[in-house]
1. Is there any pair linking a residue in the stretch 129-158 that is of a type in the set (S, T, N, Q) to one that is assigned to a loop (DSSP other than H, G, I, E, B), with Cβ under 6 Å and at least six apart or on different chains, and which?
2. Collect the residues in the stretch 235-268 that are without any contact (Cβ under 8 Å) to a residue 60 or more places away in the chain, outside any loop (DSSP other than H, G, I, E, B) and buried (at least 18 other Cβ atoms within 10 Å of the Cβ), keeping them in residue-number order.
3. So, restricting to strands (runs of 3 or more DSSP E) that lie completely within the stretch 70-177, which ones have at least 1 residues that are within 22 Å of Met204 (Cβ to Cβ)?
4. Out of the stretch 41-62, which residues are among the acidic types (Asp, Glu) and within 11 Å of the ligand (Cβ to nearest atom)?
5. So which residues in the stretch 223-234 are in a strand (DSSP E or B) and under 15 Å from Cys87 (Cα atoms)?
6. Working only within the stretch 178-222, note down all residues that are aliphatic (A, V, I, L, M), in contact with a Leu (Cβ under 7 Å, 6 or more places away or on another chain) and part of a strand (DSSP E or B).
7. Tally time: how many residues in the stretch 3-40 are outside any helix (DSSP H, G or I) and either within 11 Å of the ligand (Cβ to nearest atom) or surrounded by fewer than 17 Cβ atoms within 10 Å (Cβ to Cβ) (or both)?
8. Say we look at the stretch 163-176 and pick out the residues that are touching a residue at least 60 places away in the same chain (Cβ under 8 Å) and of a type outside the set (A, V, I, L, M, F, W, C); which of these is farthest from Arg16 (Cα to Cα)?
Amino acid sequence: MARYLTLYESGELAERVERARAALHDCRLCGWDCGIDRAEELGPCRTGLKAIVSTAYVHHGEERPLVVGGGSGAIFFANCDLRCQFCQTARWNIRGAGRDATPAQIASLMLSLQEKGARNINVVTPSHVAAQILDALLIAVGKGLRLPLVWNSGGYDSPQPLAVLDGVVDIYLPDMKYSDALMGRRMSAVRDYPRVNQAAVAEMHRQVGDLVRGDDGGAISGVLVRHLVMPGHLQNTFGVLDWIAERLGPNTYLSLMDQYRPAYRAFARDDINRPLHPDEFAQALAYARDKGLTRLDDHLLNTTLETESHG
Ligand code: SF4
């Protein structure tokens with residue numbers, strides 16, 4: 001049963017929606033911590049009171065626990081709180097392509113994805129539109145939505161939205177991009193990425209724990225961490241893996257991703273203007289295993305390397 005149903009039945013979900021809406025007028029929904037009124041001005045996420053949806057479909061290319069038995073019901077929101085120089089979806093997340101969507105329209109998308117057989121609702125790049133998503137969720141649950149909610153974020157989430165999401169989200173799917181703050185600034189134009197990100201992921205883990213999978217291997221609840229290994233920056237990867245192993249523990253489900261390709265502004269940067277070399281990924285994988293991380297999902301090969309006894 002999706003966790004939000006308990007809050008819906010007690011009336012707490014409606015209260016969370018009110019809290020989230022109020023937060024838009026002193027917005028601290030991500031690590032930018034702007035403190036602005038989004039009815040009056042725009043922050044770095046370039047999003048006011050309305051969410052913009054870029055696209056929505058049943059996605060079969062996510063990690064195996066998210067797609068087994070029906071695919072993941074992905075709703076992609078435009079704009080982002082990060083400015084990744086290598087963004088693969090710059091048209092949506094940097095240039096903001098998409099359509100304004102009311103909460104009722106987003107709720108319709110959720111219900112339509114459920115009807116199409118998706119096994120979860122996967123909100124992609126959700127942090128800056130947490131209020132609008134909760135608003136939509138309340139409507140959709142009233143009309144029969146029952147699928148688990150996946151929070152698929154770049155990992156620059158602040159405590160404010162995470163407090164509102166406690167008991168609402170079933171599966172957190174955060175990126176852990178950088179262990180090096182300078183790299184976060186150079187690659188994604190944000191301050192203090194490791195500090196913000198590590199605090200966010202620790203809180204996500206406190207809320208839902210390690211990833212729990214059903215008999216078919218599909219994710220039921222928990223945290224699934226993503227890390228994209230970047231060319232020429234293995235020390236950054238090692239720092240991320242150190243933190244995961246030491247702080248979250250070896251039972252963490254980790255999607256270690258090798259599909260880096262230069263995109264957007266990456267072609268102009270000497271360090272990241274090439275694909276990842278297979279040997280670099282092999283070193284990252286070996287390091288993860290040395291750290292005791294055995295629940296590894298090789299995203300490119302779509303091969304689950306997980307030791308099933310941890311399931
Ligand atoms: S979501 Fe982040 S970037 Fe956007 S206004 Fe709020 S704090 Fe600023």
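Quick note: the coordinates plus some simple rules give every number you see, no bench work behind them. As the structure is a computational prediction, the values presented were derived from the model and not from experiment. All Cβ positions, even for glycine, are placed from backbone atoms using ideal geometry, and neighbour counts span all protein chains on display.
1. Ser153/Pro126; Ser158/Arg28; Ser158/Gly31
2. Asn236, Thr237, Leu241, Ala245, Leu248, Leu254, Leu256, Met257
3. Working: elements: 72-77, 99-101, 121-124, 149-153, 171-174.
In the stretch 70-177, the matching strands (runs of 3 or more DSSP E) lie at 72-77, 121-124, 149-153, 171-174.
4. Glu41
5. Scanning the stretch 223-234 gives His227, Leu228.
6. Of everything in the stretch 178-222, just one residue is aliphatic (A, V, I, L, M), in contact with a Leu (Cβ under 7 Å, 6 or more places away or on another chain) and part of a strand (DSSP E or B), namely Ala219.
7. 18
8. Asp170
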